[in-house]
Amino acid sequence: MAFPWLQVLDAVIGVTDLARSRKIRKMSQSADPSQQIEAGGRAGLGGLEARLAGVVVAALKEAFERDTHRLELEREQLEAERLRAERALALELRRQASDREIGRLRLLAGVAVASWIGTLFFSARLLGGTPGARAALGIAWLLLLAAFASSFVAQSQVAESASRPDERAVDSGLAGAFALWLIVLGLALVGVAVLVA
């Protein structure tokens with residue numbers, strides 16, 4: 001809301017007119033009106049104008065200080081809102097990164113389980129085969145189950161990493177990296193077992 005400068009100046013001028021009219025009335029009631037008006041006009045008006053100018057300057061100074069203070073408060077509020085928005089954006093980006101990583105790890109867990117279940121179809125053929133084929137199948141099953149377990153461990157690491165307030169990136173650690181390689185090695189051993197049998 002703007003400060004009503006014109007109304008303030010109009011009120012100040014009205015007060016000065018009122019003061020002048022009273023002073024003139026007092027002087028007209030004295031014995032020598034011509035001398036009183038000249039003397040009062042020179043001395044009284046100069047003092048009144050000085051006081052009036054002081055009042056106006058003080059009012060203007062107070063208004064400017066109030067406006068400056070208001071602008072500083074607005075700047076501080078804008079800065080606080082900007083920092084709050086930056087923190088919210090960083091938290092949202094961190095949440096999205098953790099959601100993507102957990103989705104990737106769940107996919108790896110699903111692939112590990114599907115691969116393990118898929119090898120059960122070959123198990124009847126391989127269990128009747130050579131001992132090397134059975135050993136390769138057993139090791140492959142262990143690797144696929146280890147991939148499944150390591151993907152769950154990595155998911156818990158991502159969830160714990162996302163809950164920390166620090167600015168580090170969301171990471172699944174070594175368990176997330178091993179899950180993929182354990183699946184690959186397990187499927188490779190299944191292939192070797194099928195070839196050996």
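The values are calculated or read from the model by the stated rules, or taken from the named source; none is laboratory data. These numbers were taken from a predicted model, which means no experiment stands behind them. Heads up, the Cβs are rebuilt from the backbone with ideal geometry, glycines too, and the neighbour counts pull from every protein chain shown.
In table form, for the structure just shown:
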read-out: Criterion violated by G129 - all others in (1) out of contact with any helix residue (DSSP H, G or I) (no Cβ under 6 Å at 6 or more places or on another chain); (2) assigned to a helix (DSSP H, G or I); (3) at pLDDT below 85 satisfied; value: (2)
read-out: Some residue of segment 73-81 being assigned to a helix (DSSP H, G or I), modelled with pLDDT of 90 or more and under 30 Å from V158 (Cβ atoms); value: no
read-out: Options D99, D67; residue that is within 22 Å of Q157 (Cα to Cα), out of contact with any helix residue (DSSP H, G or I) (no Cβ under 8 Å at 6 or more places or on another chain) and either assigned to a helix (DSSP H, G or I) or not assigned by TED's automatic domain parsing to the domain that holds S156 (or both); value: D99
read-out: Residue within segment 76-83 that is touching a residue at least 40 places away in the same chain (Cβ under 8 Å) and assigned by TED's automatic domain parsing to the domain that holds A19 present; value: no
read-out: Pairs, first closer than 9 Å to L182 by Cβ in segment 144-162, second in a helix (DSSP H, G or I) and among the hydroxyl-bearing types (S, T, Y), C-beta under 8 Å, six or more apart; value: L144/S115; L144/T119
read-out: Those residues of segment 105-164 which are within 15 Å of A175 (Cβ to Cβ), of a type in the set (D, E, K, R) and surrounded by 13 or more Cβ atoms within 10 Å (Cβ to Cβ), in sequence order; value: R106
read-out: In segment 146-160, the residues that are in contact with a Leu (Cβ under 6 Å, 6 or more places away or on another chain) and farther than 13 Å from I102 by Cα; value: A146, A147
read-out: Segment 48-71 - residue that is β-branched (V, I, T) and more than 42 Å from the chain's Cα centre (by Cα) and, of those, surrounded by the fewest Cβ atoms within 10 Å (Cβ to Cβ); value: V57
